[in-house]
Amino acid sequence: MSRAKVKGSIAGSVRRVVGKARTRPGLALSKMPGTRALIATALPSKRPPVLVTSLPRAGSSWIGRILGSSEKALYLREPMTQSYLGRFGPPPIFEWGMCKDRRAYDRYAALAFKGIPRFGGAIVANPGQWTIAGRRGKRVVLKEVNPLVLRRLWERFRPKIVLLVRHPVPVARSFHALGWTSDQFKTRFLPETLAAFEKEHVLPEETDTWKQSGAFQAITQNLVADSLSDIDHMVVRYEDICDEPVQAFGQIFEFCGLPFSAGIRREIERSSQAGGRYVPGTYDTARNSRDMKDRWKRDVDQEDMEQVRRGYFAHRPVFYQEESDW
């Protein structure tokens, strides 16, 4: 078959699929496994997509869920990370050169940014969002936890980027509570990256878990800040959201081009004033936000806190540099 006939055949298939889909506009795209890619191509979502990213345990699940609950959002929770972990295992945070299968990761990213919900588990958080009729007026909103690949994702998909940062001590505390205490460096950073930072200051040993966590976070900040230096993006401190959640979320919604409705405001108020006792290392998207902001100062031993600080400040951190932050 000639190339022209192949193109004509594909175009005809797309028209037939979309024609059938339009007769059932309330049908969720996530429930159409055989034709999702064709429909997503013919009925693209609104540009640009939104990417909310942070290190794990920095609060991005809460931020992503609130943004993703917008009536104009198509939300996916960690489509690249969870797909990658399911196939290749940890770690989920790595420089691009350390990826175990770059073609697979690129494929997950392409599906996600094109708004093709070909993902399982909890990645497609709300299948009902993905109705065919609303695609053109909605933005894909992705929540991810590998900021070290931001540059590659931006070059390929040009998303609006929201970088969430959190104080290094509570992040280290959550890592420790989850048992994420193996070497923070060798499987995540390229040898030349580690060599460059080693020239400035000796990297902590694996046995110095709290100090190593601080150094890991500072090095990550350096690499991420450098990758975003010429890209329009928004940096949000988790603590600022905890202080004034409605105001902070309003600014994020505005940056992302998402409507800030009364329903969203109510959900922010509900999810930021939740009761109950938070347990480090657990997963939740509702909390008493003002209590969460500084509770690490009560929960972390002074010696462990000091070890995080030493590792952190040894490697030129970009955020949380002021004495008042500590």
In sequence order, calculated HN-Hα J values of the stretch 205-217 (Karplus, 6.51, -1.76, 1.60; Hz; x Gly/Pro): 6, 4, 5, 8, 4, 6, 5, 5, 4, x, 5, 4, 5
Two-site FRET efficiency, residue 230 against residue 316, from Cβ-Cβ distance with R₀ of 25 Å, rounded to 0.05: 0.80
Those aspartates and glutamates that a straight Cα-Cα span of less than 13 Å connects to residue 114, excepting residues fewer than 8 apart in one chain: 106
Computed Kirkwood radius, in angstrom, where 1/r is averaged over Cα pairs of the stretch 48-157: 14.0 Å
Partner aspartates and glutamates for residue 297 [C-alpha distance under 19 Å; skip if fewer than 8 residues away on the same chain]: 239, 240, 243, 306, 322, 323, 325
Projected-area average for the stretch 47-325 over all orientations - Cα convex hull basis, square nanometres: 14.3 nm²
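Bear in mind that the values in this text are calculations on the coordinates, not laboratory data. These numbers were taken from a predicted model, which means no experiment stands behind them. Glycine also receives a Cβ, built like all others from the backbone with ideal geometry; neighbour counts cover every protein chain displayed.
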